[in-house]
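Colleague: Here you go, one structure.
Laboratory data are not the source of any read-out in this text; all were calculated from the coordinates shown. For clarity, every value in this text was computed on a predicted model and none was experimentally measured. Note that each Cβ is placed from the backbone with ideal geometry, even for glycine, and that neighbours are counted across all protein chains shown.
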Amino acid sequence: MSSSYQTLYRKYRSQTFSDLVGQEAVSRALQGAIASDRVAHAYLFSGSRGTGKTTSARLLAKSVNCLRRSPGVAEPCNECDSCVQIAAGAALDLIEIDAASNRGIDEIRDLREKVHLAPALGRRKVYIVDEAHMLTTEAFNALLKTLEEPPEHVVFILCTTEAQKVPLTVLGRCQQFVFRRFNDEQVVARLRHIAEQEGIEVEPEALKLIARVAQGSMRDAVGLLDQLVPLAGTRVSVAGARELLGIADPAQVDALFDAVLGGRPTEALDRLAAVYEAGGELRQVVRAIMERCRDSLVEAIEQRDAGRRERLSAALDALLHLDGEVRRHAEPRFLVEATLVRLAVEQTTSPPRGEVAAAPQEPPRVGTEVSQELPAAPAAPAPDRWREIVESLNPLVKAAFRAARAEVAPPATLVLWFGSDIIREKALKYPHAIEAQVKDWLGQAATIEYRLDTASTNASAGRRLAPEEHPVVLDAMRKLEGTVTEVRKPRS
Ligand SMILES: Nc1ncnc2c1ncn2[C@@H]1O[C@H](COP(=O)(O)OP(=O)(O)OP(=O)(O)O)[C@@H](O)[C@H]1O
Ligand SMILES: [Mg+2]
Ligand SMILES: [Zn+2]
């Protein structure tokens, strides 16, 4: 390794559009605009982390300012003074503002003073505002003033992972491009390319493992490869990758999962300790158990095994919750132990309820605390009437209400629990769709509450759902950012 070692993710930041992986729609649109000299004054690049927003923004800046680009061509020459300066991060015509650092107040003020000055070398002055959603209201307002009447020579590129936090007034002035998460094949292909360039041999299984852990973020994937290379020398093995990534041996995770679901708390603790001592990183372990649980749940739904489905769905709720908690704790071992023990104990204390389980039930609120408190006044499960109401709805609103778990709180309140705020908002738009029927059912004084249930997801309202349609599975897919690819028979 040379003394000027550059991290791989910097070294392999795409310097041309043709070197950009995926993001075809964005790439095509940007190249079209550049080639035809129709670059807009303001863009919003949104999408999840490590998908190429900053890379593309810099690429756009480089192309519009390239001194040797021929007309009708979008790619930068990467050789002229402007290209070289931009690539080195030393160009006066590219101003990068990190809104996260001080929420952009000073920079935007500064921007308003200097934005009218002509570019130094190229044709356009490009402002990249990274983490744009972090700007203060004051900074947004200042930016908006500039966006309303941008000087001819200015291009703004706002980059954000959270476009919904950007005010509509600002959004309205930008051309928006959404950057997509990469699939595992795209990540593997890119990693293989980098490894080849670097002359490193990486076992194909190790590449897959990295891609899985990176969850669609190219930055994370390349960053992980970067960590592996110095440790591995010239050959990166699966075992090495697993160890570095803190990924437990799948067989050990299986055994742990079986102990939990088999209701063997002591064994579960021992197995967890073994996984932990072998270097398994707890976040990954929880995620792996969650994946097992999801797979088993899909099988249970497929097999119409209501009892097992209930237990697994409650377990998955607890694990999803645990997954969130584990991220916030530096030393989450106790949390993991407590939840797994509790789950194991519950397997023996809550026997399958057979067909009765088809009616929606309050799923056990399994948290991270070991206490076994029950809610003070458990709400009565909503009878089949709710199901009938949902089934009678028009298709436009049916899906939103069907996603809700219904409870009747005495005397006459129908409480609808939504696992997602988006769905809750949707349902809230159509209260009249169910009002009359609910009054019919619970009396004229009936009220309806639309509540958000973040800790747990919804038990289905009893309709036979396809495995990938089940709300619990949907929620798991969203949280795990995965899809159901296979439905397997349960390990008994
Ligand atoms: N489309 C892509 N093609 C090739 N490499 C990519 C791509 N997107 C990201 N990368 C790799 O990931 C690194 C980080 O990408 P980039 O900074 O552009 O991500 P980002 O979308 O701005 O992420 P964040 O939201 O976290 O700022 C790049 O330096 C590059 O190595
Ligand atoms: Mg970025
Ligand atoms: Zn150039």
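Colleague: Take the conditions away from ligand 1 (no atom under 11 Å from the Cβ), in contact with an Asp or Glu (Cβ under 9 Å, 6 or more places away or on another chain), in contact (Cβ under 8 Å) with a residue 40 or more places away in the chain and farther than 19 Å from Ala221 by Cβ and apply them to Gln85. Does it pass?
Modeller: Taking the combined requirement at face value, the residue does not satisfy it.
Colleague: May I pose another question? Is there any pair linking a residue in the range 178-191 that is within 12 Å of Pro204 (Cα to Cα) to one that is within 9 Å of ligand 1 (Cβ to nearest atom) and basic (Lys, Arg), with Cβ under 7 Å and at least six apart or on different chains, and which?
Modeller: Close Cβ pairs (under 7 Å, with a partner that is within 9 Å of ligand 1 (Cβ to nearest atom) and basic (Lys, Arg)) do not exist here.
Colleague: Could you list, in sequence order, all residues of the range 248-307 that are among the small types (Gly, Ala, Ser) and closer than 23 Å to Ile210 by Cβ?
Modeller: Across the range 248-307, the qualifying residues are Ala248, Ala251, Ala278, Gly279, Gly280, Ala288.
Colleague: With (1) within 16 Å of ligand 1 (Cβ to nearest atom); (2) touching a strand residue (DSSP E or B) at 6+ places or on another chain (Cβ under 9 Å); (3) assigned to a helix (DSSP H, G or I) as the list, and Val64 as the residue in question, which single condition is left unmet?
Modeller: Unmet for Val64, out of (1) within 16 Å of ligand 1 (Cβ to nearest atom); (2) touching a strand residue (DSSP E or B) at 6+ places or on another chain (Cβ under 9 Å); (3) assigned to a helix (DSSP H, G or I): (1).
Colleague: Sticking with this one: When residues of the range 28-72 are filtered for being touching an Asp or Glu at 6+ places or on another chain (Cβ under 9 Å) and among the polar types (S, T, N, Q), how many remain?
Modeller: Count: 6.
Colleague: Which one of Ala273, Ala278, Ala306 is without any contact (Cβ under 8 Å) to a residue 12 or more places away in the chain and over 25 Å from the mean Cα position of the chain (by Cα)?
Modeller: Result of the check over Ala273, Ala278, Ala306: Ala273.
Colleague: Within the range 88-105, work out how many residues are in a helix (DSSP H, G or I) and either over 21 Å from Val154 (Cβ atoms) or more than 15 Å from ligand 1 (Cβ to nearest atom) (or both).
Modeller: 5
Colleague: Can Ala74 be described as among the hydrophobic types (A, V, I, L, M, F, W, C), over 30 Å from the mean Cα position of the chain (by Cα), away from ligand 2 (no atom under 16 Å from the Cβ) and surrounded by fewer than 15 Cβ atoms within 10 Å (Cβ to Cβ)? Before the answer, list the steps.
Modeller: Working: among the hydrophobic types (A, V, I, L, M, F, W, C): yes; over 30 Å from the mean Cα position of the chain (by Cα): yes; away from ligand 2 (no atom under 16 Å from the Cβ): yes; surrounded by fewer than 15 Cβ atoms within 10 Å (Cβ to Cβ): no.
No, not satisfied.
This table checks each residue for (1) within 15 Å of ligand 3 (Cβ to nearest atom); (2) buried (at least 23 other Cβ atoms within 10 Å of the Cβ).
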{"residue": "Leu30", "(1), (2)": "no, yes"}
{"residue": "Ser36", "(1), (2)": "no, no"}
{"residue": "Ala42", "(1), (2)": "no, no"}
{"residue": "Leu60", "(1), (2)": "yes, yes"}
{"residue": "Glu79", "(1), (2)": "yes, no"}
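Colleague: So, one more: Restricting the search to the range 50-71, which residues are more than 13 Å from ligand 2 (Cβ to nearest atom) and not hydroxyl-bearing (Ser, Thr, Tyr)?
Modeller: Leu60, Ala61, Lys62, Val64, Asn65, Cys66, Leu67, Arg68, Arg69, Pro71
Colleague: Further, regarding this structure: Might you let me know whether the range 283-294 holds any residue that is surrounded by 21 or more Cβ atoms within 10 Å (Cβ to Cβ) and more than 30 Å from Ser237 (Cα to Cα)?
Modeller: no
Colleague: At least 3 residues that are within 16 Å of ligand 2 (Cβ to nearest atom), closer than 22 Å to Glu24 by Cβ and not aromatic (Phe, Trp, Tyr) in each: list the strands (runs of 3 or more DSSP E) lying fully within the range 106-213 that qualify.
Modeller: Strands (runs of 3 or more DSSP E) meeting the threshold: 154-160.
Colleague: For Leu320, only one of the following conditions fails: (1) over 30 Å from Ile200 (Cα atoms); (2) surrounded by fewer than 20 Cβ atoms within 10 Å (Cβ to Cβ). What is its number?
Modeller: Among (1) over 30 Å from Ile200 (Cα atoms); (2) surrounded by fewer than 20 Cβ atoms within 10 Å (Cβ to Cβ), the lone unmet condition for Leu320 is (2).
Colleague: For the range 256-266, give me each residue that is in contact (Cβ under 8 Å) with a residue 60 or more places away in the chain and part of a helix (DSSP H, G or I). Don't jump to the end; show me each part of the working.
Modeller: Restricting attention to the range 256-266, the residues satisfying the condition of being in contact (Cβ under 8 Å) with a residue 60 or more places away in the chain are 256, 258-265.
The answer is Leu256, Asp258, Ala259, Val260, Leu261, Pro265.
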